[in-house]
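Scroll down for the structure; my scribbles are underneath it.
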Amino acid sequence: MKKLTLEQHKARIENLREVRKNIKKSTREFRINNYLAGQIIYFLGDYPNKMSIKPTEYDYNLLKSYAENGVDMIQVHEEWNDSIEKYGSDKWHSNDHEGMKEFVELCHHFGIKIISYCSASYIHEGSKHFRENFCQSKEGCTDMHYSYRQGWAGSEHWREFIIPRTFDIMDTYGVDGIFNDWGYEWHMSPYIEIPPERRNYETVPLERYDPEAEDLIHILYDGVKSRGGIYKLHVGQNNSAPVRWKCYDYLWVGENNFETEFGGGKHLDPFLVPCPDKPRLTNWGAERFDADAYFAMTIPFVQFPLLTHGRPTMGRCIDVPGVTQYNTTQEDHLYHYFEKVRDFADKHPDGPYTYSEWSQIPDDPEDYPRWCRYLKLYKEMTEDETVAFMEIRESEDVLSEIPKNVFITEFVNENRYMVVSNLTDEPYELELRDNWTDRVSGATGNRFTVPVKRLLFLKKNND
């Protein structure tokens, strides 16, 4: 935490007093601390095609650019490991052991944290480690090269297997934490109902929970935290875990479905990190992805989107014997998607490129510079010890009516920041009691027009 001057302490006290007095109705108030907002999914290569993770000049220059633009952390997905054990390794060790270590070291050289994919559920059915007593059923996830079965939190055999392997990833490669792709199956789980009289939505925002999953997920969370690590959790879509107590530093949301226009996840524990699932958000490429609109749908809820970036995918993950199209009728099947990636890459070898399975084909070359511009605006107003007043509905500071799909959040420290998101179908005319400055245009005043599906960044003038 930075040291404040006497004047800054005075300004902070006065700002918080004023905001709490003026706001009559809002969704929630919470304090921001230890928040790594700038997070990137860094694609490493087209596994199971043979690949090298060893850093190249391309990686060096890109990571250097990340550091210069305020990136805090990258996460590498399953291509870092050997999930189908094709190259003599496994799902918990790299397919390029020394290359992975060098890549982690390069991230640390630039002051960027790195977390790696793991899963508390998934194991390839063809793995030499697989045992039927890991599982509760035959259910799983089959796609392209893998056929995953689901490890069960109620199996002592699965726990004995998966817990030490999760921690070993940190110990072996020196990564800064774990991204747990949980793969939790809601319909199979032994829920326990929480009686209405015991539901305190400030501490237990649940009607039911899964005690066995709760126990496993906290063992993993606590083990990562005891190593000084970062624990990022993915449950699915816009869901949190069916467990009590805080069990993540970051919750990854957005895959398959993310109703951001309704403030999805605003009641969950911070911090949520949405991933724009561009194929599904654009009806599988029927229209171009509106990145500015996505920022307008997330930032007012103290959620900063992931950037999908890193090395380009050329779709060569399907050019491997044994990789087949599992379901020819399913439009969103990965094999079909990467066929389109490969076809585009063959026709455009010099770009523009595609960077992930959540991309449009291709990604917009402006994604990275646009993301950096938003990150700079966002990080200034979410520094440590900032207090966020989310989704303001009534305030003495706002004189104009606040329609249902206009979202206003204040970020308060020794300065006052306001973001106004207009998710209605017509421009919004904002009128404020005092003068504020538009942080993008530099315009000063108390009246501003917010275009449709766009975001206004304001800072209160010191009168």
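General remarks:
- Within the stretch 93-108, the set of residues being assigned to a helix (DSSP H, G or I) and either within 12 Å of GLY174 (Cβ to Cβ) or touching a Phe, Trp or Tyr at 6+ places or on another chain (Cβ under 9 Å) (or both) comprises HIS97, MET100, LYS101, GLU102, PHE103, VAL104, GLU105, LEU106, CYS107, HIS108.
- Residue pairs meeting the criteria (Cβ under 6 Å; at least 6 apart or on separate chains; first surrounded by 15 or more Cβ atoms within 10 Å (Cβ to Cβ), in the stretch 411-431; second acidic (Asp, Glu)): MET418/GLU410; LEU423/GLU261
- Just one of the listed residues (ASN446, ASN405, ASN415) is in the same structural domain as GLU14 (by TED's automatic domain parsing) and modelled with pLDDT under 95, and it is ASN405.
- The stretch 48-70 - residue that is in contact (Cβ under 8 Å) with a residue 60 or more places away in the chain, closer than 25 Å to VAL273 by Cα and surrounded by 15 or more Cβ atoms within 10 Å (Cβ to Cβ) and, of those, nearest to the chain's Cα centre (by Cα): ASN69
- When the stretch 1-47 is filtered for residues that are among the polar types (S, T, N, Q) and over 30 Å from ASP277 (Cβ atoms), the ones remaining, listed by number, are THR5, GLN8, ASN15, ASN22.
- Flag for GLU385 being within 22 Å of LYS266 (Cα to Cα) and over 26 Å from the mean Cα position of the chain (by Cα): no
- Any hit, the stretch 28-42, residues being modelled with pLDDT of 95 or more and in a helix (DSSP H, G or I): no
- Each residue in the stretch 205-237 was checked for being part of a loop (DSSP other than H, G, I, E, B) and under 20 Å from TYR35 (Cα atoms), and 3 pass.
- Under the condition of being among the small types (Gly, Ala, Ser) and at pLDDT below 90, the residues counted in the stretch 313-327 number 1.
- Within the stretch 332-353, residues that are outside the structural domain of ASP46 (by TED's automatic domain parsing) and part of a loop (DSSP other than H, G, I, E, B) reach no partner that is modelled with pLDDT under 95 and buried (at least 18 other Cβ atoms within 10 Å of the Cβ) with beta carbons closer than 7 Å at six or more positions or on different chains.
The values are calculated or read from the model by the stated rules, or taken from the named source; none is laboratory data. These figures come from a predicted structure and were not determined experimentally. Positions of Cβ are generated from backbone atoms using ideal geometry, with glycine treated the same way; all protein chains shown enter the neighbour counts.
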